[in-house]
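**Student:** One structure, as structure tokens, below. Some questions next.
The values are calculated or read from the model by the stated rules, or taken from the named source; none is laboratory data. This is a predicted model, so every value here is computed, not measured. Don't worry about glycine lacking a Cβ; one is built from the backbone with ideal geometry, like all the others, and counts go over all protein chains shown. Quick note on the areas: whole protein, heavy atoms, side chains included, nothing else; ligands and nucleic acids left out. Shrake-Rupley method; radii C 1.70, N 1.55, O 1.52, S 1.80 Å.
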Amino acid sequence: MRITNVRINQLVGEGKVKALVTVVFDGVLTVTDLKVVEGSKGLFVSMPSRKNKDGAWRDIVYPCTAEMRQAIQSAVLGAYDAMAKSEVAAPE
């Protein structure tokens, strides 16, 4: 399965969450609410999650292989970097 589109839906300036993202796979499957998060070791992609009845968070969509996780991470962070650079370069 390959990533055919990455959309940065919202750039968030404050806090650890930097952006909300939608990823399209093979033009037939869309996953929304991925997050670009600032962690202690830099930016990473957080998969969509939901809070259980006991208050614990659980991913509701996630890659099954390390290769797919890396592909998603690279595509999303690449799109985020491009968007962030264009936001900085855009005249106000």
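**Student:** Could you check how much of the accessible area of the chain is carbon and sulfur, as a whole percent, using a 1.4 Å probe?
**Tutor:** About 52 percent, which is the carbon plus sulfur part of the accessible surface.
**Student:** Run the quick spin-label model on T32 and I60: label points 7 Å from Cα toward the beta carbon, then report their separation in nm to one decimal.
**Tutor:** 1.0
**Student:** Follow-up question, since we're still on this one. Take every Cα pair under 8 Å in the chain that's 6+ residues apart, average their separations, divide by the length, and report that relative contact order as a whole percent. Write down the numbers at each step before the final one.
**Tutor:** Details: 141 pairs, mean separation 20.0, N = 92.
Over the chain, the number comes to 22 percent.
**Student:** What number, in nm² with one decimal, is the all-direction average of the projected area of the convex hull of the alpha-carbon atoms of the chain? Each step should come with its number before you reach the end.
**Tutor:** On the way: hull surface 29.5 nm².
Mean projected area of the Cα convex hull: 7.4 nm².
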